[in-house]
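In what follows, a structure is listed as structure tokens, so that the remarks can point back to it.
The values are calculated or read from the model by the stated rules, or taken from the named source; none is laboratory data. Everything numeric in this text was worked out from a predicted model, so none of it was measured. FYI the Cβ positions are ideal-geometry reconstructions off the backbone, even for glycines, and counts take in every protein chain you see. Areas reflect the complete protein model, heavy atoms only, side chains present, ligands, DNA and RNA absent. Shrake-Rupley method; radii C 1.70, N 1.55, O 1.52, S 1.80 Å.
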2 protein chains.
Amino acid sequence: MSKPSRRSRGTVTVQDVARVAGVSAMTVSRVVNGGTNVRETTREAVLAAIAQLNYSPNSAARSLAAGDATQIGLLYSNPSAAYLSQFLIGALAAARRAGCHLVLEACESERPDEQAEATRSFASTSVEGVILPPPLSEAAPVRAELEAAGIPWVSVAMGLPPARSLNVRIDDFEGAAAMTRHLLDLGHRRIGFIRGNPNQTSSAERYRGFAAALEEAGIDVKSAPVEQGYFTFRSGIVAAERLLDRADPPTAIFASNDDMAAAAVGVAHRRGLHVPQDLSVVGFDDTSLATTVWPELTTVRQPISTMAEEALALLLARIRSHRSSETDKLEDQVLDHELIVRESSAPPKGTAPARAGGGRRGAGATSNPGLR
Amino acid sequence: MSKPSRRSRGTVTVQDVARVAGVSAMTVSRVVNGGTNVRETTREAVLAAIAQLNYSPNSAARSLAAGDATQIGLLYSNPSAAYLSQFLIGALAAARRAGCHLVLEACESERPDEQAEATRSFASTSVEGVILPPPLSEAAPVRAELEAAGIPWVSVAMGLPPARSLNVRIDDFEGAAAMTRHLLDLGHRRIGFIRGNPNQTSSAERYRGFAAALEEAGIDVKSAPVEQGYFTFRSGIVAAERLLDRADPPTAIFASNDDMAAAAVGVAHRRGLHVPQDLSVVGFDDTSLATTVWPELTTVRQPISTMAEEALALLLARIRSHRSSETDKLEDQVLDHELIVRESSAPPKGTAPARAGGGRRGAGATSNPGLR
DNA sequence: AACCGATACGCAACCGGTTTCATGTCGATT
DNA sequence: AATCGACATGAAACCGGTTGCGTATCGGTT
């Protein structure tokens, strides 16, 4: 109490807790962490002391001592802003729990050399692993650069991940199939489809799911109106225009993501079509855009935040196991998706003029699929 | 080289650099930081060693030793997703530079007790300061709770901050005035205005700016069509409908943010009005939504990322000065805004059938305002 | 030439936990 | 009853950088 010099910065330390609990700092540490090999009575004493002193461990000291101080890189491009914020929130929460720093790096460009450049900047920052949300998860230059630098990475939301890689995703095929069945159940037979950007495998998977469900219902896939989109709102406008310009326009449009679905709604409105009475429009991802527009979009939910958390956990496990030279099991984690039915989908117009329950018998066999 | 035990985790340390440079660790530290009192030749030697070894300081050790390990809280509500992601990116970058952790906490509710609860959870997490992006920057329960806990905070994007508080914002009044002048310059005389949520002072400031510019041009503010909005897309739809339902509808709509402007564009389209030929629509904030919709929105740019960085810096300065019990100067930082003219604004229909330059002489005096 | 303050730089302790390893205890085995 | 291993716990070194303070060096005075 005489000359606290620079110690006693006001924070309570393990030492304080140890003193109060009548044990050593070591034991406190054991209780706070795993908690193995500590007698129950001792544990309680320590816990009581912790509560009494309102102790919370200093994360800097912890990472320093444990050698955990990991920097995780997050290379982001410009996916829909809604997607990114969701993703960041999840990643940040997980990073804090794991006690590691998140290092962001933007990579808006699509030019291979610039992508490589952005990636290289990570190698020099002593980043120990990188998270790749879409669409960068499939950017070849990025992956090549990471491979060369020997930095592990985890890709998020790929449609069809290559073997021997870390992945977190949903089942795009099943998600798209479930959505298609939903539209079929409502009675739709001419369903227009807007594909996603071909530079992402999820686009192909979603289309495959759509096609499979159609086939399942005995509809010739070749007859289905399909237009190419690129996941952007703008591309959705063009695709939707083309779809509705057809001689025999669809009664429902299934866009490969919410941005394009929102665009389709806009196009429909501009043409005087009411959604969902005159045209059903459904999306994919359930970003905040889906509930922003009017009417709210029926869509397939992707647990974006959770996926980010999962991705970080996977990557961290990989890094730690690599350190202790364990055999790292390469994982491909598939999370549950969910069909979210909102206001933008309804039975097609001709089906049943009756107010309620119209069109229910459209496709009896495949009722309520994909919902758990 | 015999028994590295747990040392030599592969990272290069100050010691390594010191050895190579032929100095002590102390000197290396001095060079890396401020760099005071180091001879030029020595500094170069150290720098060379750093480059050669590709040394990068361990941030955990640094914060531990310097006692800087600061946890900064970020309490977010659901502003437009586009806003949040921009904000997070800026905050994260600044946090990393400053070597402090960002602790996120969601607070979606508008109920005072739940807001207070969310805030309290920070007090127990030993968060040393809190960043409050809108709309929480003005939430009374949050501020009261923070005040009670003695935790400093900085509010972002308030319209009219109270005295004695930390703030980062733009000049909403001037921004709105500049935008209004832009519309006046184009020749518009009946400009509809959609107000923002009254629970944020920026709403009032933006309206004031609008009114001032109108008055400046000799237009009676009372005659201007004004509708109440709440910053949400949904509220923008309602307000725009009302505006266009008027007997004497406006030739331009100035919405208090981009979300509502996007909604207004949608409404216009649904009514068969072309933007900007039949109706100009402009927004505020320049979130990514502004460039997502078609046509792209003329808007007032708010440097969101920079504001987040600035907010963190301000807060950190406050905390550090508080520690060393300096007199903390309370700051209210006003950043530059910028008028961004895109495709959604044009001269009103009747103005000039001529192809180019139509309506330019509408309001000669106030040409090109707000642009620097 | 002796003196002096300023400037350059190093030594050792320290930040707050964690790992390593040694020690003490106790019930179960032979 | 002596032995042994699993369990519980503590002492000391350590993680990598920084602060406090002491020493050496240098240029300029008188």
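So, in nm, how far is label B:Ala25 from label A:Arg97 when the simple model puts each one 7 Å beyond its Cα toward the Cβ?
In this crude spin-label approximation the distance works out to 3.5 nm.
Using only Cα atoms and rounding to the nearest 10 degrees, what angle (0 to 90) does helix B:172-186 make with the longest principal axis of chain B?
The two axes meet at around 40 degrees.
To the nearest 20 Debye, how big is the dipole of chain A about its Cα centre, given +1 on the beta carbon of each Lys and Arg and -1 on that of each Asp and Glu?
Result for chain A is approximately 1100 debye, rounded to the nearest 20.
Taking K and R as +1 and D and E as -1, what net charge do the other residues with C-beta under 14 Å from the C-beta of A:Arg97 add up to?
-2
If the label for B:Leu160 sits 7 angstrom from Cα along the Cα-to-Cβ line, what are its distances to the same label in every other copy, in nm to one decimal, shortest first?
Ordered by distance, the counterparts are at 6.1 nm.
Helix B:112-123 against the longest principal axis of chain B: what's the angle in degrees, Cα atoms only, rounded to the nearest 10?
Tilt relative to chain B: about 20 degrees.
Leaving out ligands and nucleic acids, and using a 1.4 Å probe, what accessible area per residue does chain A come to in Å²? Display every interim value, and only then the final one.
Values: 16970 Å² over 372 residues.
Per residue, chain A has an accessible area of 46 Å².
Rounded to the nearest 5, what % of the DSSP beta bridges within chain B are antiparallel ones?
10 percent
How large, in percent, is the carbon and sulfur part of the accessible surface of the protein assembly as shown at a probe radius of 1.4 Å?
The value for the protein assembly as shown is 50 percent carbon and sulfur by accessible area.
Per the Debye formula with a single identical scatterer at each Cα and no solvent contribution, what log10 I(q)/I(0) holds for the protein assembly as shown at q = 0.05, 0.08, 0.10 Å⁻¹?
Debye curve over Cα of the protein assembly as shown, log10 I(q)/I(0) at q = 0.05, 0.08, 0.10 Å⁻¹: -0.30, -0.77, -1.13.
Out of A:Ile151, A:Asn257, A:Ser56, whose Cα points farthest toward the positive end of the dipole of chain A (charges: +1 Lys, Arg; -1 Asp, Glu; placed on Cβ)?
A:Ser56
Whole angstrom only: what separates the Cα centroid of segment B:280-309 from the Cα centroid of segment A:295-324?
30 Å
Note the angle between two axes, namely the Cα long axis of helix A:40-53 and the longest principal axis of the Cα atoms of chain A, as a number of degrees from 0 to 90, rounded to the nearest 10.
Once rounded, one gets 80 degrees.
Find the centroid of the Cα atoms in segment A:26-51 and in segment B:54-126, then give the distance between the two in whole Å.
Between the Cα centre of segment A:26-51 and that of segment B:54-126, the gap is 29 Å.
If you average 1/r over all unlike Cα pairs in segment A:14-57 and invert the result, what Kirkwood radius do you get in angstrom?
This gives a value of 9.8 Å.
Dipole of chain B (Lys/Arg Cβ +1, Asp/Glu Cβ -1, origin at the Cα centre): which of B:Ser77, B:Val32, B:Val267 lies farthest to the positive side?
It is B:Val32, whose Cα lies furthest towards the positive end.
Just check segment A:111-258 against the gyration tensor rule for me: Cα atoms, a ≥ b ≥ c as the square roots of the eigenvalues, rounded for a/c under 1.5, and otherwise prolate or oblate depending on whether a/b exceeds b/c.
prolate
For B:Trp153, what accessible area in Å² do you get when you roll a 1.4 Å probe over the heavy atoms of the protein chains, rounding to the nearest 10?
Rounded to the nearest 10, the figure is 40 Å².
How big is the A-B contact in terms of buried accessible area, both chains counted, 1.4 Å probe, rounded to the nearest 100 Å²?
Roughly 3600 Å² of accessible surface disappears when A and B pair.
Place +1 on the Cβ of every Lys and Arg and -1 on the Cβ of every Asp and Glu in segment B:189-278, take the dipole about the Cα centre, and give the residue among B:Ala240, B:Ala213, B:Ser223 whose Cα lies farthest towards its positive end.
B:Ala240
How would segment B:39-189 be classified by its alpha-carbon gyration tensor: rounded, prolate or oblate, with rounded meaning a/c under 1.5 and the a/b versus b/c comparison settling the rest?
Judged from the Cα gyration tensor, segment B:39-189 comes out oblate (a/c at least 1.5, b/c at or above a/b).
Quick check: pseudo-label points 7 Å beyond the Cα along Cα→Cβ at A:Glu110 and A:Ser321, how many nm apart are they?
Taking the two extended label points, one gets 3.6 nm.
Hey, can you list the residues from segment B:96-118 whose accessible area shrinks by 40 Å² or more with all protein chains present, relative to the chain by itself (probe 1.4 Å, no ligands or nucleic acids)?
Residues shielded by partner chains are B:Arg96, B:His101, B:Leu104.
Is chain A best put as rounded, prolate or oblate by its Cα gyration tensor, with a ≥ b ≥ c the root eigenvalues, rounded for a/c under 1.5, and otherwise prolate when a/b is larger than b/c, oblate when not?
Verdict is prolate for chain A.
Taking the label point 7 Å from Cα in the Cβ direction, how far apart in nm is A:Leu53 from each other copy of itself, listed shortest first?
Copy-to-copy label distances at A:Leu53, shortest first: 3.5 nm.
Restricting attention to segment B:266-310, which GluC sites (Glu not before Pro) occupy a DSSP loop and are surrounded by at most 12 other Cβ atoms within 10 Å? Present the calculation step by step, with values, prior to reporting the outcome.
On the way: sites: B:Glu296, B:Glu309, B:Glu310; in loops: B:Glu296.
Passing sites in segment B:266-310 do not exist.
Are there residues in segment A:222-242 whose accessible area shrinks by at least 40 Å² when all protein chains are included rather than the chain by itself, and which are they (probe 1.4 Å, ligands and nucleic acids not counted)?
A:Phe233, A:Arg234
Using a simple charge model, +1 on the beta-carbon of Lys and Arg, -1 on the beta-carbon of Asp and Glu, nothing else, what dipole does the protein assembly as shown show about its Cα centre, in debye to the nearest 20? Write out the running numbers ahead of the final one.
Details: 78 positive and 82 negative charges, 251 e Å.
Result for the protein assembly as shown is approximately 1200 debye, rounded to the nearest 20.
With r defined as the distance between the Cβ atoms of B:Asn37 and B:Ser165 and R0 fixed at 22 Å, what FRET efficiency is calculated, to the nearest 0.05?
Working: r = 38 Å, r/R0 = 1.74.
So the FRET efficiency works out to roughly 0.05.
Mind listing the phi-derived Karplus ³J(HN,Hα) values for segment B:290-303, rounded to whole Hz, using 6.51, -1.76 and 1.60 with θ = phi - 60°, and x for any glycine or proline?
Listing the rounded values in order: 4, 9, 7, 6, 10, x, 5, 7, 6, 7, 10, 7, 10, x Hz.
Of all DSSP beta bridges in the protein assembly as shown, what percent run antiparallel (nearest 5)? All intermediate terms of the calculation are to be shown ahead of the outcome.
Numbers: 6 of 66 bridges.
Antiparallel bridges make up about 10 percent of those DSSP assigns within the protein assembly as shown.
In whole angstrom, how far apart do the alpha carbon centroids of segment B:135-172 and segment A:190-209 sit?
Using only Cα atoms to place each centre, the spacing works out to 46 Å.
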